[in-house]
Amino acid sequence: MTGPACDRVTRVVIVGSGFAGLGAAIRLRHGGIENFVILERADSVGGVWRDNIYPGVACDVESHLYQYSFAPNPDWTQRYSPGSEIWQYLDRCATEYGLRPHIRFGVEVEEARWNAATARWDMRTSAGQWSAAVLVSAVGALSAPNLPPIPGLAGFAGPVFHSAGWDEKADLGGKRVAVVGTGASAIQIIPSVQPIVSRLVVFQRTPAWVVPRHSGPIGAGARRLFTRFPLAQRLLRTRIRLQREMLGVGFRHPLILRMLQGIGRRHLHKAVKDPVLRAVLTPSFTMGCKRILISDDYYPALAQPNVQVIPSAAVEVRRHGVVDAGGVEHPVDAIVFCTGFEVADSPFVRQVRGRDGRTLSEHWGGSPKAHLGTTVNGFPNLFLLQGPNTGLGHTSVLLMQEAQYDHLVNALHHLDRHAVTSLEPTAEAQTDFVAALDRRMQQTVWMQGGCRSWYIDSTGRNSAMWPGTPGQFCRQVSAFRPAEYLCR
């Protein structure tokens, strides 16, 4: 439900109530800013951890690192938290930090347009008009599912759904099921459904590097220790972060990751004895060029007799089957797409119009660029959480988001102190930042590793990942430097 009409004119509107949106709201309150509203299209908080309910859904970053630094949870039950537990954590944070009065559920932003005359964002939503001085995008990079336009899909006789829109009513027990894609969601779904289906056909365009997960429960004794002695949990978090940073060095120096590929090969050889299947599952690119996947049960599931791995894309869907690149039709009763998300051109960037009337999508022309990954020249008072070049391949992206929260609050305090109504990065500051980032990017595994991933946009740039450490990002982004901004 939405609030009263006067509630629709506010200082700050945050779009989305996942990790990014709730974290920004908590930081705003901590900074003494209470005049804000969170617009959430769904009926509860949680973002991707609310939407992704597929079997086996879990985080691939350890629980004690995949949480807000200012809201430690001593009660994680697993080393890698299941999705439902992460959702419960976010739901609890919304209550404990007093955010619920600020949230308007069931409100989807359809268009946001900068009004130069009023120095405000005018927004058309599913619940009417809203107006805000500051617009914060917290929709995330992985919120708009990518469903490939495969010919014949509309005529398929059975259930079809994306991993991010799992159909709980679809009973897959005893059915023939196609899984299209072998990324981070697929390696969790496949081991979960393989034991219950009669046949599982996996369409794999490119094999991924998979390393052991070494997951397991966190005992009651450890949880009591973390509750009684918070320092113990902070020390564990620090150890996990340092271990992750050691891996991060390899992304900037690909030779290191080439040396570590033996871990993935041994993991594959241990689980898959069939040399033909093993060859199909062996990547030809440097580890880290695509997302490194972690799983203890993915390879064993693929080696089961009711599973067939097709080393090609799905090129056509017929009424009762899926056709591979060789023209062979594979009879199936249901299709599950694990085909990722619209990242560079998500619905949100097609809805936000800046000073010249163009959308972010039009402004970027297929290659997202932002100053500090957070603000964009030509789009005053717009802040992008988890914007361009803020992704990480080795550790928790929340480390990046927390630096952006600080930047947001420091920018708002600057507006207050200097009695100005709008700010945006100068074209020079943004150009210099992006140019320096692109130079550093050229030596990374993402550009040198011999693969084509979703990190690379339509122009050939890596507009998704950060080519440094989270600490470097924090030092560069947390502060607000007025010289880098146009303030009016």
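The values are calculated or read from the model by the stated rules, or taken from the named source; none is laboratory data. Computed from a predicted structure; not experimentally measured. For neighbour counting, all protein chains shown are included, and Cβ atoms are generated from backbone atoms with ideal geometry for every residue, glycine included. Accessible surface areas use protein heavy atoms only, side chains included; no ligands, DNA or RNA. Shrake-Rupley method; radii C 1.70, N 1.55, O 1.52, S 1.80 Å.
Could you tell me whether the range 55-75 includes any residue that is of a type in the set (Ser, Thr, Tyr), more than 21 Å from Pro230 (Cα to Cα), in contact with a Gly (Cβ under 9 Å, 6 or more places away or on another chain) and open to solvent by less than 30 Å² (accessible area, probe 1.4 Å)?
Initially, the range 55-75 is screened for residues of a type in the set (Ser, Thr, Tyr), giving 63, 66, 68-69.
Checking which are more than 21 Å from Pro230 (Cα to Cα) leaves us with none.
Looking for residues that are of a type in the set (Ser, Thr, Tyr), more than 21 Å from Pro230 (Cα to Cα), in contact with a Gly (Cβ under 9 Å, 6 or more places away or on another chain) and open to solvent by less than 30 Å² (accessible area, probe 1.4 Å), one finds none in the range 55-75, hence no.
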Problem - Out of Val197, Val180, sole residue that is of a type in the set (A, V, I, L, M) and buried (at least 23 other Cβ atoms within 10 Å of the Cβ) - result: Val180
Exercise for the section: Inspect the range 298-319 for any residue being touching a His at 6+ places or on another chain (Cβ under 8 Å) and open to solvent by 50 Å² or more (accessible area, probe 1.4 Å) and give the result as yes or no. Expected result: yes
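Residues being part of a loop (DSSP other than H, G, I, E, B) and without any contact (Cβ under 8 Å) to a residue 24 or more places away in the chain: count how many of those fall in the range 112-127.
First, the residues of the range 112-127 that are part of a loop (DSSP other than H, G, I, E, B): 116-119, 126-127.
Next, from what is left, pick out any that are without any contact (Cβ under 8 Å) to a residue 24 or more places away in the chain: 117-118.
So the count comes out to 2.
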Exercise for the section: Could you give me the residue pairs with C-beta distances under 6 Å whose first residue belongs to the range 261-283 and is of a type in the set (S, T, N, Q), whose second residue is modelled with pLDDT of 95 or more and open to solvent by less than 50 Å² (accessible area, probe 1.4 Å) wherever it lies, and which are 6+ apart or on separate chains? Expected result: Gln261/Met287
Problem - Which numbered condition Ala436 fails, given (1) in a helix (DSSP H, G or I); (2) surrounded by fewer than 23 Cβ atoms within 10 Å (Cβ to Cβ); (3) in contact (Cβ under 8 Å) with a residue 24 or more places away in the chain - result: (3)
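Would you mention how many residues in the range 180-204 are outside any loop (DSSP other than H, G, I, E, B) and within 14 Å of Ala164 (Cβ to Cβ)? Give the derivation first.
Keep residues of the range 180-204 that are outside any loop (DSSP other than H, G, I, E, B), which gives 180, 186-193, 199-203.
Now narrow it down to the ones that are within 14 Å of Ala164 (Cβ to Cβ): 180, 186, 188-189.
Residues flagged as outside any loop (DSSP other than H, G, I, E, B) and within 14 Å of Ala164 (Cβ to Cβ) within the range 180-204 amount to 4.
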Exercise for the section: Hey, can you tell me all the residues within the range 457-470 that are open to solvent by 20 Å² or more (accessible area, probe 1.4 Å) and either more than 20 Å from Val376 (Cα to Cα) or of a type in the set (Ser, Thr, Tyr) (or both)? Expected result: Ser458, Thr459, Gly460, Thr469
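Working carefully through the options Val139, Val107, find the one that is open to solvent by 20 Å² or more (accessible area, probe 1.4 Å) and of a type in the set (Val, Ile, Thr). Walk me through how you get there before you give the answer.
Details: Val107 fails: open to solvent by 20 Å² or more (accessible area, probe 1.4 Å).
Criteria check complete, one pass: Val139.
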Handout entry: Residues satisfying the stated conditions in the range 474-488, i.e. surrounded by 12 or more Cβ atoms within 10 Å (Cβ to Cβ) and in a helix (DSSP H, G or I)
Key = Cys474, Arg475, Gln476, Val477, Pro482, Glu484
Handout entry: Answer from Phe379, Phe383 - the residue that is touching a residue at least 60 places away in the same chain (Cβ under 8 Å), open to solvent by less than 10 Å² (accessible area, probe 1.4 Å), aromatic (Phe, Trp, Tyr) and assigned to a loop (DSSP other than H, G, I, E, B)
Key = Phe379
Exercise for the section: Answer yes or no: is there a residue in the range 397-414 that is outside any helix (DSSP H, G or I), open to solvent by 20 Å² or more (accessible area, probe 1.4 Å) and either over 24 Å from His253 (Cα atoms) or at pLDDT below 95 (or both). Expected result: no
Problem - Scan of the range 297-316 for residues that are more than 18 Å from Gly174 (Cα to Cα) and out of contact with any Gly (no Cβ under 7 Å at 6 or more places or on another chain), ordered by number - result: Asp297, Tyr298, Tyr299, Pro300, Ala303, Val309, Ile310, Pro311, Ala313, Ala314, Val315
Practice task
Identify, by number, the condition in (1) free of Cβ contacts under 8 Å to residues at least 24 places away in the same chain; (2) of a type in the set (A, V, I, L, M); (3) open to solvent by 40 Å² or more (accessible area, probe 1.4 Å) that Ala232 doesn't meet.
Solution key: (3)
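Assess whether Gly46 counts as being open to solvent by less than 30 Å² (accessible area, probe 1.4 Å), within 30 Å of Ala112 (Cα to Cα) and out of contact with any helix residue (DSSP H, G or I) (no Cβ under 9 Å at 6 or more places or on another chain). Spell out how you get there, then give the answer.
Numbers: open to solvent by less than 30 Å² (accessible area, probe 1.4 Å): yes; within 30 Å of Ala112 (Cα to Cα): yes; out of contact with any helix residue (DSSP H, G or I) (no Cβ under 9 Å at 6 or more places or on another chain): no.
In short, no.
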